[in-house]
Structure formats: structure tokens, C-alpha cells
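Read-outs throughout are calculated quantities, based only on the coordinates presented, and are distinct from any laboratory measurement. From a predicted model like this one, the values you see are computed outputs, not experimental measurements. With ideal geometry, Cβ positions are generated from the backbone for all residues, glycine too; neighbour counts draw on all protein chains shown.
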Amino acid sequence: MLFTIFASFLKIGAFTFGGGYAMIPLIEREVIDRRGWVERREFLDLLTLAQSVPGPISLNTAVFVGYRMRGLRGAAAALAGTVLPSFAIILAIALFFANIRENPVVDAAFRGMRPAVVALIIGPVLSLSRGMHPALYVVIAAAALAIWGWGWSPIYILATAAAAGIAWEMIIAGKSKR
Amino acid sequence: MILWQLFVSYLKIGFFGFGGGYAMLSLIQNEVVVQHGWMTNAQFADIVAVSQITPGPIAINSATYVGYTVGLQMGNPLYGILGSMIATLAVCLPSLTLMMLVARFFLRLKGNRWVEAAMHGMRPAVIGMIAAAALLLIFPHDGTPDDRNFIDGWSWALFAAVFVGSWRKVNPILLIGLSAAAGIAIYYAF
């Protein structure tokens, strides 16, 4: 059983290109349709939880499913399966990278990829902030400026923002009581 | 000791990694480039590019790669492998412990008003963090010429082309591959 958990998440880990959300359909197929480890209704709740806990969503989902199946060992098996493909591939690249990095063709390829990476990062900034209350744009800009311009640690920004969210909820709660 | 610092840094990244992969970029960048100077801004862009075309979350990919690079600075590839294991383990530990606690005790957390309020408050901050990561990649603080990701007009042209492509939902792996080919054509072939 532990091995089945490991193997299932190894498969998921090996084919999740492009970050957490890309792996949701893969996890659905493997964990719900093929294995029946989680019910579809439960899976939505699981996704919400995986997003509220820090850490990559694919890891969180794996730990949750593994833990439900076989406790700590199941969680560890699922986690190991998810992590192993990226670990092995990146370690292999790192071991050889030192040499091929000096290659002029590889160097030219990276010069082309660097601005592309930045463009891929900016996309979600725009799509995520669409439809937000205009006042929140100020918060977005202030957070970006504090981290980029003043070198603040994003950790403080996150903590402050979470506290502000809770404070706001308390104010609303106080008002609605009256 | 540097391996201990590596462990603590990636533990922090794992523990505060709210909001998914792109938001974690800012945390990783802050620890690895700004605070500890383990890699340059350009090297950081390289590892993001590699992460895009290899499977797995960027947090794991960067942990493995940075861990190896940092360990290697101690002079032996074996330390590199040790470093990559330490950083990868560290970034996973918060997920493992917190998610098990959630699975065990806090299933009721879902829909909890205060958790949702905190998540709500964090959302604009997370978007700001992603923007900060992009800004730092475009305008490094005091980068040497080697440390710049935008070196000429071609850089901006590629940036614009990929931006339009991603807006139109072109597969990011394809976009990275195409810009690598364009880079070879621009900077090597001609």
C-alpha cells in the first residue's frame, strides 16, 4: 500500500509541469478516478485547505491524501513520490550545469529565456488583480514597492496583510452586531 | 555554518509560502539573492527558467538547485548533494507537519471565518510579492552587467512577445523553448 501511494504520487510529480494548478487534473485522475482514495466532493474541500496552508499546493495535497490513507508513513510516502522527480532532474542538471553553462550556445539560450521568464511572472499579476477593489491596488503597489525598492522581507508584508484581513473582519463583525 | 543557514532559509520559505509558486518566488529571491547572496539575480532568473521546463513546484526545484550551489561552495560536489538534500527537506517540512495537523484536527478550518479573513487580507500582498519578484528581475538593485536580465532591445522584444503569448494562453514550456531558440539565433548565430 505504501508503495502504491509512493508510485501514484511519483507519477503525478513527474508530469506536473508549470506549477501547482497544472497538476490538479492529474491528481484528480489518479487519486479520485483510478484509485478512489478521495471522493470528488471531498477533493474540492481538500484543494481549499491545501491553498490555505503554506507550501506548494501539490505537496500539501499529497501529504493530506497520504496521511488519510496510512498516517505519517503514508504522508511521507506521498511526499517522497511528489518530490523525487524534480529533485532528481534538478540535481542532474546542477551536476552538469557547471560545465555546460560556459558553452556559448547555452549562454545565448539563457539570455533569450531570462526576459521570457519575467513576462511569464507578470501575467498572473495582471490576471489575479483583475476585478479587485480599486483600493486594493494601492496595497498591491505598496507591497511590491516595499519588497523591491526597500528590500523588506516579504514575510513581514504577508504577516501584516493577514492581520489586516482579520482586523477588517472584526470591524465588520462589530458593526453588524449593532 | 552555511548548511545550517541554508536549512533555516528554506524552512522559512516553506513556512511562509502562501499563495502558490509565483508568490514563493519573492520569498526565495529575498533569502537567496538579497539576504545571503548565494546567487546573482541573473542566476535566479536561470533557475526560474529551468523550473518552467522541468516538472515539479518551483520551490522544490530552486531548493534542490540552490542547495547544490551553496554546498558546492564548500569545495566538494558531495557537499553539493548534501546541500540539495538539506534545502529540499527543509522546504518540505512545513508542508508535511502543517498539512498533517490540518488532516488530523482542523478539517473544520475550511470555511472558518478568521482563516478566510486572513487569506483575504493576504491576497493583495501576494500579488504585490509576485510583482516585486518581476521588478527585481527587471531592475536589479546594484547589478553588475553580468547580473542583468535585460541587456538590450532584443530582451524587451522577447519580453513583449512572450507576454502576449502567455496572455493568449500559449503553453509556457513552448514559450520558454521558443525564447531559448530566439536567444541562440540573436546572441550566437548572428
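As a test of the formula, what do you get for the protein assembly as shown when each DSSP H run with n ≥ 4 contributes -39,500 (n - 2.57) and the sum is divided by the residue count, at 222 nm and rounded to the nearest 500 deg cm²/dmol?
That calculation yields -25000 deg cm²/dmol at 222 nm.
Grab the alpha carbons of the stretch A:118-166, take their convex hull, and tell me the volume per residue in Å³.
Dividing the Cα hull volume of the stretch A:118-166 by its residues yields 88 Å³.
When ranked by the protection proxy of mean other Cβ atoms within 10 Å per residue, highest first, what sequence do the peptides A:104-116, B:32-44 form?
Averaged packing, sorted descending, gives the order A:104-116, B:32-44.
Which whole DSSP H helices in chain B pass both tests: a Cα extent of 20 Å or more along the axis and a mean Kyte-Doolittle value no lower than -1.0?
Helices passing the filter in chain B: B:58-72, B:77-104, B:113-138, B:153-167.
Just want to confirm a number: the relative contact order over the stretch B:1-73, from Cα pairs under 8 angstrom separated by 6+ residues, in percent.
Dividing the mean separation by the residue count of the stretch B:1-73 yields 33 percent.
For residue A:152, enumerate residues with amide H under 5 Å from its amide H, sequence gap 5+ or separate chain, H modeled in the peptide plane.
Result for residue A:152 returns A:147.
Separation of the stretch B:113-166 and the stretch B:1-56 by C-alpha centroid, Å?
Taking the Cα centre of each part, the stretch B:113-166 and the stretch B:1-56 sit 14 Å apart.
Taking the dipole about the Cα centre of the stretch B:60-190, with the C-beta of Lys and Arg at +1 and of Asp and Glu at -1, give me whichever of B:117, B:185, B:62 is farthest to the positive side.
Most positive-ward Cα: B:117.
From Cα pairs below 8 angstrom and at least 6 apart in sequence, can you work out the relative contact order of chain B, rounded to a whole percent?
24
Rounded to whole Å and sorted largest first, what semi-axes of the equivalent ellipsoid does the C-alpha gyration tensor of the stretch B:2-149 yield via the square root of 5 times each eigenvalue?
Whole-Å semi-axes of the equivalent ellipsoid: 28, 20, 12.
Below 8 Å between Cα atoms, with a sequence gap of 6+, how large is the relative contact order for chain A in percent?
Value for chain A: 20 percent.
Using the Cα centre as the reference, give the magnitude of the dipole from point charges on the C-beta atoms of chain B (Lys, Arg: +1; Asp, Glu: -1; all else neutral), rounded to the nearest 20 debye.
Dipole size: approximately 900 debye.
Give me Rg over Rh for the protein assembly as shown, both radii from the alpha carbons and Rh done the Kirkwood way, two decimal places.
With Rh from the inverse mean 1/r over Cα pairs, Rg/Rh is 0.97.
Please report, for the Cα atoms of the stretch A:2-100, the Rg to one decimal and the Dmax as a whole number; what are they, in angstrom?
For the stretch A:2-100, the Cα radius of gyration and maximum Cα-Cα distance read 13.9, 49 Å.
Given the C-alpha atoms of chain A, compute the convex hull and give its volume per residue in Å³.
189
Taking the Cα-to-Cβ direction at residue B:73 and at residue A:3 and moving 7 Å from each Cα, how far apart do the two end points lie in nm?
Each label point lies 7 Å from its Cα, and together they span 4.2 nm.
List the residue ranges in chain A for DSSP H helices whose C-alpha atoms run 20 angstrom or more along the long axis and whose Kyte-Doolittle average is 1.0 or above.
Span-like helices here: A:57-100, A:104-129, A:134-148.
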